[in-house]
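These notes concern the structure reproduced below.
The values are calculated or read from the model by the stated rules, or taken from the named source; none is laboratory data. Remember, predicted model here, so these are calculated numbers, not experimental data. Note that we place each Cβ from the backbone using ideal geometry, even for glycine, and neighbour counts take in every protein chain shown. Side chains are part of the model used for accessible areas, which takes the heavy atoms of the whole protein and leaves out ligands, DNA and RNA. Shrake-Rupley method; radii C 1.70, N 1.55, O 1.52, S 1.80 Å.
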Amino acid sequence: MNVNFYIDDTTFTRLWNNPDKYLEHLKCFHSVTMPDFSISTGSSGMPFALNIYNKYRNHAIAWYLYMHDITVIPSVPIADKDSYDWCFDGLPKHSILSVCTNGRVRAKASRIEFCDGFKVMCERLEPNRVIIVGRIPDELNSDMPITNYKTRNQRINERMK
């Protein structure tokens with residue numbers, strides 16, 4: 001079983017503020033997906049410095065968990081093409097990677113942007129497999145081995161039907 005942080009940033013800020021408090025609990029899982037503090041680029045995105053700070057927080061917590069013998073699956077922020085030069089930095093090649101499609105599948109332009117970024121991620125990082133949390137866009141055309149997990153909201157919506 002894996003735990004991920006594809007939720008609102010404020011929900012897991014407490015992990016950033018006090019990681020030692022959660023170490024023993026996180027060790028109960030087979031793996032932990034690297035935290036995913038938001039990266040938001042483009043004209044309506046966050047200031048560049050805040051994006052870099054959030055990327056730093058993602059990597060810092062992942063490193064800290066790893067140093068405490070927790071298996072960490074890197075989470076890849078797939079933003080717009082202007083961010084490719086830095087958003088894939090520090091992520092391992094030839095490993096399992098995780099991405100999330102929250103907020104990326106309703107609008108066609110967002111789906112296309114995600115699919116384009118996914119392709120570049122695969123070219124640069126050459127993952128063995130990619131875990132996609134959330135709905136896989138119909139436009140995603142990839143030979144990459146993919147494991148798909150539903151988001152919490154998807155599971156709740158299915159139960160409500």
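Okay, here's what the table says:
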quantity	calculated
Pairs with Cβ under 8 Å, 6+ apart, first in the stretch 106-129 and assigned to a strand (DSSP E or B), second modelled with pLDDT of 95 or more and of a type outside the set (A, V, I, L, M)	R129/P145; R129/T147
Failed condition for H30, given (1) open to solvent by 30 Å² or more (accessible area, probe 1.4 Å); (2) at pLDDT below 95; (3) closer than 22 Å to N148 by Cβ	(2)
Selection from the stretch 66-91 of residues that are under 16 Å from the mean Cα position of the chain (by Cα) and either in a helix (DSSP H, G or I) or charged (D, E, K, R) (or both)	D80, S83, Y84, W86, C87, D89
Pick from the stretch 122-148, criterion among the basic types (K, R) and modelled with pLDDT of 95 or more, ranking: farthest from F88 (Cα to Cα)	R129
Single unsatisfied condition, A60 versus (1) assigned to a loop (DSSP other than H, G, I, E, B); (2) free of Cβ contacts under 8 Å to residues at least 60 places away in the same chain	(1)
So F48, is it farther than 23 Å from H94 by Cα, aromatic (F, W, Y) and open to solvent by 40 Å² or more (accessible area, probe 1.4 Å)	yes
Options P127, P137, P74; residue that is over 30 Å from C28 (Cα atoms) and buried (at least 18 other Cβ atoms within 10 Å of the Cβ)	P137
